[in-house]
Amino acid sequence: MKLTRRVFTKLLAGVSLAATSFVGLAHAADMPAPFDKPGEVKIALVRYLSTGDFFQAYLSGVERQSAALGVDLRVLDSRQDAALQADMVDQAIALGVDGIIVQHGLTESMQEAVQRAVDAGIKVVAFDVNVENPAVPQIEQSDRDLARLALEQAIADNGESWKAGYVYVPGIAPLDRRDETWLEFKARYSGIEEKATFGTLDNPIANSIANQARSVLSANPDITVMFAPYDEFAKGVKIAVDEAGMSEQVSIYSADVSTSDIAAMREPNSAWKATAATNPAVVGEVSVRALAMLLAGETPGASVVVPPTLITQKDLLEKDIKNMEELSAKLPQFAHAAVAVPDWMPLP
């Protein structure tokens, strides 16, 4: 047979495919059941919140870690419909998945749905929703630390006495945990005066918050600090502060981060001074790893905590950080969390 370029290319492609398949099989053979059979494991991500950069990045992390493990991932998105999210857990059960990640939601709507999954022999982990089930590990961003880091920076920047606006929606587990820290800070620093509390999760969240913040600032022009412990909240507050021409009077402190948040914080005279955050993509990866450990018969722990990082406007400007990639490169502690990583676990 004449070894033409076309024939050589086909032979090379065949060798590469065979080598890739061999490596994949060898890799799978090194993993515990059920991951020793590529493509056999099915998991579902059942989402309550999906609007905003944070949740897109979280999803990308779930997808990357799922691909690294070779699992079949199904994504079910309820778009803030609590009843639909509960129905989607039942859909996942009917699909015959091996594991479920519940991402946000309400305790009252998810508790029974998750119990049905557990009763069906399905492993479940929950990110930022308390399903009050000892069989379900809770994936957390250490929300109390997120709030603490942001509020400590607010104290460092503004002293111990200031008039504050606070954005809060009760009933959402991470916001409730952040609220606990806010209450502790107000008790510790008697000079903090909460002038107004407001908040909504109506879509689009940032625009809905901006509408509320306009009224709050109009009624309370003496507010100098806005604590908005979710980046979509902070975006909305910033819109209102900018429109009111108060960007040099009001300082915004938040939780969570994205490339668009970084751009907003870097704007000239931006009121958004600091945020505390974990890398949402890393949190997504950790959620899948914790579920994989359960499926392999291991225990990730009742609470799987991803540590946060403080990100200030000063950091972003001095280190010339313009996006999430540069944030990970220039603040290495933000790039990876050595959490739920057994020796056998392949990483993205």
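Things worth noting here:
- Residue check, Ile223 more than 25 Å from the chain's Cα centre (by Cα) and modelled with pLDDT of 95 or more: yes
- Checklist (1) of a type in the set (Val, Ile, Thr); (2) at pLDDT 95 or above; (3) part of a loop (DSSP other than H, G, I, E, B) applied to Val339, failing item: (2)
- Residue check, Val257 in a loop (DSSP other than H, G, I, E, B), in contact (Cβ under 8 Å) with a residue 12 or more places away in the chain and buried (at least 20 other Cβ atoms within 10 Å of the Cβ): yes
- Checking each residue in region 171-192 for being exposed (fewer than 14 other Cβ atoms within 10 Å of the Cβ) and at pLDDT 95 or above picks out Glu180, Leu183, Ala187, Arg188, Ser190, Gly191.
- Just one of the numbered conditions (1) among the acidic types (Asp, Glu); (2) in contact with a Phe, Trp or Tyr (Cβ under 9 Å, 6 or more places away or on another chain); (3) free of Cβ contacts under 8 Å to residues at least 60 places away in the same chain is not true of Glu248: (2).
- Residue identified as in the same structural domain as Val286 (by TED's automatic domain parsing), within 19 Å of Gly284 (Cβ to Cβ), within 17 Å of the chain's Cα centre (by Cα) and not in a strand (DSSP E or B) among Val125, Val129, Val102: Val129
The values are calculated or read from the model by the stated rules, or taken from the named source; none is laboratory data. Given the structure is predicted, the values throughout are model-derived calculations rather than measurements. Glycine also receives a Cβ, built like all others from the backbone with ideal geometry; neighbour counts cover every protein chain displayed.
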